[in-house]
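Some notes on the structure that comes next.
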Amino acid sequence: MTKITMTVNGKAASADVSDNTLLVEYIREHLRLTGTHVGCDTSQCGACVVHVNGQAMKSCTMLAAAAEGAEVTTVEGLAASKDDLHPMQLAFKENHGLQCGFCTPGMIMTATDMVKRYQEAGKELTEDAIRHELEGNICRCTGYHNIVKSIQDGASKMTTA
Amino acid sequence: MSEGIGARVLRKEDKRFITGKGRYTDDIIEPNQAYAAFVRSPHAHAKVNGIDASAALAMDGVVDVLNGHQLTGDGIGNIICGWGVTSKDGTPMNMGAWSALATDTVRYVGDAVAVVIADSKEIAKLAAESVVVDYETLPVVVGSVEALADGAPQIHENAPGNLIFDWEIGNKEPTDAALASAEHIVEMDIVNNRLAPNPMEPRSAIATFNESEDHYTLYTTSQNPHVARLVLSAFYNVAPEHKLRVIAPDVGGGFGSKIYIYPEEITCLWASMKTNRSVKWTSDRTEAFLTDAHGRDHVTHATMGLDKNHKIVGLKVNTKANLGAYMSLFSSATPTYLYATLLSGQYNIENVYADVQGVYTNTVPVDAYRGAGRPEASFVMERMMETAARQLGVDPAELRLKNFVKEFPHQTPVIMAYDSGDFAANQKQAMDAADYKGFEKRRAEAAKRGKLRGIGFSNYIEACGIAPSAAVGSLGAGVGLWESAEVRVNPVGTIEILTGSHSHGQGHETTFTQIVAERFGLPTENISIVHGDTDKVQFGMGTYGSRSGAVGMSAIVKAMDKVEAKVKKIGAHVLEASEDDIIIEDGAVKVKGTDKQMLWHEVGLAAYTAHNIPEGMEPGLKESAFYDPSNFTFPAGCYICEVEVDPETGVTKIIQFTASDDFGTIINPMIVEGQVHGGLAQGIGQAMFEGVVYDPDGQQLSASYMDYCMPRADDVPMYQVMHQSTECPGNPLGMKGCGEAGAIGSPPAVINAITDAIGNNNLNMPATPSAVWAALQEASKQAAE
Ligand code: FES
Ligand code: FES
């Protein structure tokens, strides 16, 4: 057992967890934040993506203990307030970027990180770049068409926001 | 009406998904919950001589270890197949027994022999590993052709030679005669690769037995919770229906794989009773590859005859369908009635004959996966058409045009009566959008860059909205395929629609409200959809086979007809007018030509207060209906794929994919386009990336995302999706269905395009870079000879 302490969605969280508890297990089962999903066991699908210290991470590849002291944001904590949507969340809704919704939290967390990185580096986020950046996120429902459109729209909403 | 039929209404269900508030089965925790881990066979075929669970039982936190003998001893029934297929010689199919936990023999890798119930997932998994099973391995066979060969290992005692059925359809002698006298013959061997469905949410179940009430509750990842309850109760003897509640909450995709009632759900229910705990199981991805029903896996030989004017005179098809180690719920229907009945394609062919052998092998059971039989049929037909055009040296579009069915209704020789369509119109729309005329110029330009450019057509037709209950019953179905709906108008005028359809990505919460909004002139926010819970909805057949629009929404329309009739009576009574003068529009009940009206909520209140309703009328405003379709519906379309192949590497890039579909009436174009996009990606996945691979020992070599290639964002293009529709005469909304078309129509278009590019027609799916490269080498070798 290890005692871990971190900030999740702006709130302090701490617990005793077994040494091999994955971050995703901690988030889903201890904190009951079930927006973060598990779609595979080989770190390929991206359903579990969260932000750790501002960077997109597959929470199934990381031990909870490794996030000691970190700032973790899950899809539940992405919007500025409870009544708000993050511009990327809104873009997914407006562009029909989701169907069953299972990949969606991971897609949105990957997308916001991607847009932030490109905007900070002053690089253009082209359609090709978006598709390339989505290499670690699988969606079985949408055929990606509307996810790409959502991210393009979300990117422009994030600039103007 | 901006939110009615034809409007691109944004989805009501999205908010919970984009904010992480969806409620999937694995998100649910019951008090007193224990976890199940299955002990699965590592062998594809073996006798089970004994199970020693003593080490597991001794572990801290292990509640119990249960096996197949206990399960069958408690009277839990064998898993059923819901469709009886009769062989050519009139005998019923030869079906072997399938127990939720194997007793004496295991028949595929992943077959469960025992289950551990423990306080935590970790303990359950560890304990499952410590269960010692004494296996005596038996010879293995994985392919359908090999399983039918003399001397093949025998998998089920009562299916000699592993043959489940040898079924036929169509007119044999006339087809043989037509082929014998045909001017041109096209003959092909065609393989349809085995696929793993892979909804992103793995299957999951939580079962709770309430001893004091002798009642069970099951949360499960199901496309049809009502059918699940019926089967669990009537066939698996878990509990009588009124003592069993099945809930399918948010479900993360299905694609067919969540139709079936699997061993794991049955076992969790039974184990919950045995241990008096809630029992939860969630599949991991490898387990999903090992246990979710696979799709396709056909080996086909087809012969087509054409006359001197290039009219098709006959088509003969033999297919060997691999059904895996056990017969899953619709496994017998998929390669027969859902496949061979579509072999006439969009074409007017007088003589069609097909025979299909269903075969046991030591592999995961095979059943319906998005398209279910129809992708296999369209792949055969559209590969044959393209090949015929190449062989005859004619334009593939012209050849198709010449052979299209042009008059409706059209009776094919293989049961189906096409009710509507305009195949030439879809083809023209797709050709214009794809700039077919300009293709040769693009090919020449690509050649200058050292790239091989190709174009391929696929003119698919499918049958969906399944289907008239009496018709499917006469063909062997064990259930009727109607749908139910209930429309509840509340006293305040808001409306709840209870439906037996189930949404797991299709957006029913939005689309279904749109038809109600249109009918009564109400905002969609005042309407909600209730589905997926057998305690709330009386019964329903669920969502598969693109049936929720054509069948599910038709049931809602029927129930709305009854509501409307009652509303008009109340309106006429209160407003003192004749019923014939009452109209419903803009959320009000009005007397035509006057300014007299009642607002919708006033009608609701009047119905429930019952102070002033027509004499003899029952209070309340709630109506239900069952809708049984009168025919299948026939979505059809033309898909054109354009690719570029790098001859150095065999890497293929889809440059453009154009889809023109005829779905009949479209309620929400945004959602329909999304369905097509997803279907196209799955079809492109089948054509270029996906394939389940077994080694000769029956080990699945492709049981993870490291080994099974799912299409990613950079594997697929932006799609050009468009519609050119004819109304379906068979249902009140004129709908045909759109859920599977993309997956049905796209694989042949992709393969026709790649084979066009590389100049070698001999190419199997998935057309990976190495397969394409090898086909290119073969082509250049042949050219040199
Ligand atoms: S669950 Fe983390 S990548 Fe699939
Ligand atoms: S929306 Fe279902 S997996 Fe992406």
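The values are calculated or read from the model by the stated rules, or taken from the named source; none is laboratory data. Remember, it's a predicted structure, so these values are computed and weren't measured experimentally. For neighbour counting, all protein chains shown are included, and Cβ atoms are generated from backbone atoms with ideal geometry for every residue, glycine included. SASA here: full protein model, heavy atoms, side chains in, ligands and nucleic acids out. Shrake-Rupley method; radii C 1.70, N 1.55, O 1.52, S 1.80 Å.
Observations on the model:
- Test: A:GLU68 is more than 16 Å from ligand 2 (Cβ to nearest atom), within 15 Å of A:ALA13 (Cβ to Cβ), open to solvent by 40 Å² or more (accessible area, probe 1.4 Å) and within 15 Å of the chain's Cα centre (by Cα): no
- B:THR286 modelled with pLDDT of 95 or more, more than 16 Å from ligand 2 (Cβ to nearest atom) and either under 18 Å from the mean Cα position of the chain (by Cα) or crowded, with 24+ Cβ neighbours inside 10 Å (or both): no
- The criterion of at least 1 residues that are within 16 Å of ligand 1 (Cβ to nearest atom) and in contact (Cβ under 8 Å) with a residue 60 or more places away in the chain is met by the following strands (runs of 3 or more DSSP E) wholly inside the range B:152-213: B:204-210.
- Selected residue (only one of A:ASN20, A:ASN9 is open to solvent by 60 Å² or more (accessible area, probe 1.4 Å) and away from ligand 2 (no atom under 16 Å from the Cβ)): A:ASN20
- Hey, B:LYS406 of a type in the set (Lys, Arg) and either closer than 30 Å to B:TRP98 by Cβ or part of a strand (DSSP E or B) (or both) or not: no
- In the range A:39-57, residue nearest to ligand 2 (Cβ to nearest atom) [restricted to those that are of a type outside the set (A, V, I, L, M, F, W, C) and buried (at least 22 other Cβ atoms within 10 Å of the Cβ)]: A:GLY39
- Residue selected from the range B:226-254 under the condition out of contact with any strand residue (DSSP E or B) (no Cβ under 8 Å at 6 or more places or on another chain) and more than 22 Å from B:ASP74 (Cα to Cα), by the criterion nearest to ligand 2 (Cβ to nearest atom): B:GLY253
- When the criteria are applied in full, B:THR658 fails the requirement of being touching a helix residue (DSSP H, G or I) at 6+ places or on another chain (Cβ under 7 Å) and within 26 Å of B:SER474 (Cα to Cα).
- Taken over the range B:214-238, the criterion of being assigned to a helix (DSSP H, G or I), open to solvent by 10 Å² or more (accessible area, probe 1.4 Å) and touching a Leu at 6+ places or on another chain (Cβ under 8 Å) is satisfied by B:ARG229, B:SER233.
- Test: residue in the range A:116-126 that is out of contact with any helix residue (DSSP H, G or I) (no Cβ under 7 Å at 6 or more places or on another chain), open to solvent by 20 Å² or more (accessible area, probe 1.4 Å), within 9 Å of chain B (Cβ to nearest Cβ) and over 21 Å from A:CYS48 (Cβ atoms): no
- Looking across the range B:409-434, just one residue is among the aromatic types (Phe, Trp, Tyr) and either open to solvent by 20 Å² or more (accessible area, probe 1.4 Å) or assigned to a helix (DSSP H, G or I) (or both), and that is B:PHE423.
- Among residues that are within 16 Å of ligand 2 (Cβ to nearest atom) and not aliphatic (A, V, I, L, M), A:GLU94 is included.
- Pair list, Cβ under 8 Å, 6 or more apart: the range B:753-777 residue farther than 17 Å from B:ARG443 by Cβ, other residue among the aromatic types (Phe, Trp, Tyr): B:PRO766/B:PHE689; B:THR768/B:PHE689
- Note on the range B:589-671: enclosed strands (runs of 3 or more DSSP E) holding 1 or more residues that are within 25 Å of the chain's Cα centre (by Cα) are B:622-627, B:636-645, B:652-662.
- Any hit, the range A:55-78, residues being within 11 Å of another protein chain (Cβ to nearest Cβ), within 29 Å of B:MET718 (Cα to Cα) and away from ligand 1 (no atom under 16 Å from the Cβ): yes
- For B:TYR35, the conditions (1) outside any strand (DSSP E or B); (2) buried (at least 16 other Cβ atoms within 10 Å of the Cβ); (3) within 14 Å of chain A (Cβ to nearest Cβ) are fulfilled apart from (1).
- Meeting the requirement of 1 or more residues that are in the same structural domain as B:GLU407 (by TED's automatic domain parsing), the strands (runs of 3 or more DSSP E) wholly within the range B:278-366 are B:298-306, B:312-322, B:352-359.
- Index of the failed condition, A:PHE102 passing every other in (1) among the aromatic types (Phe, Trp, Tyr); (2) surrounded by 22 or more Cβ atoms within 10 Å (Cβ to Cβ); (3) away from ligand 2 (no atom under 16 Å from the Cβ): (3)
- All of B:GLU241, B:GLU183, B:GLU173 fail the test of being open to solvent by 10 Å² or more (accessible area, probe 1.4 Å), under 24 Å from B:HIS502 (Cβ atoms) and either assigned by TED's automatic domain parsing to the domain that holds B:THR72 or over 28 Å from the mean Cα position of the chain (by Cα) (or both), apart from B:GLU241.
- Subset of the range B:393-403 that is in a helix (DSSP H, G or I) and open to solvent by 40 Å² or more (accessible area, probe 1.4 Å) - its residue that is nearest to B:TYR460 (Cα to Cα): B:LEU401
- One residue from B:GLU564, B:GLU576, B:GLU525 being outside any loop (DSSP other than H, G, I, E, B), farther than 29 Å from B:ARG23 by Cα and open to solvent by 20 Å² or more (accessible area, probe 1.4 Å): B:GLU564
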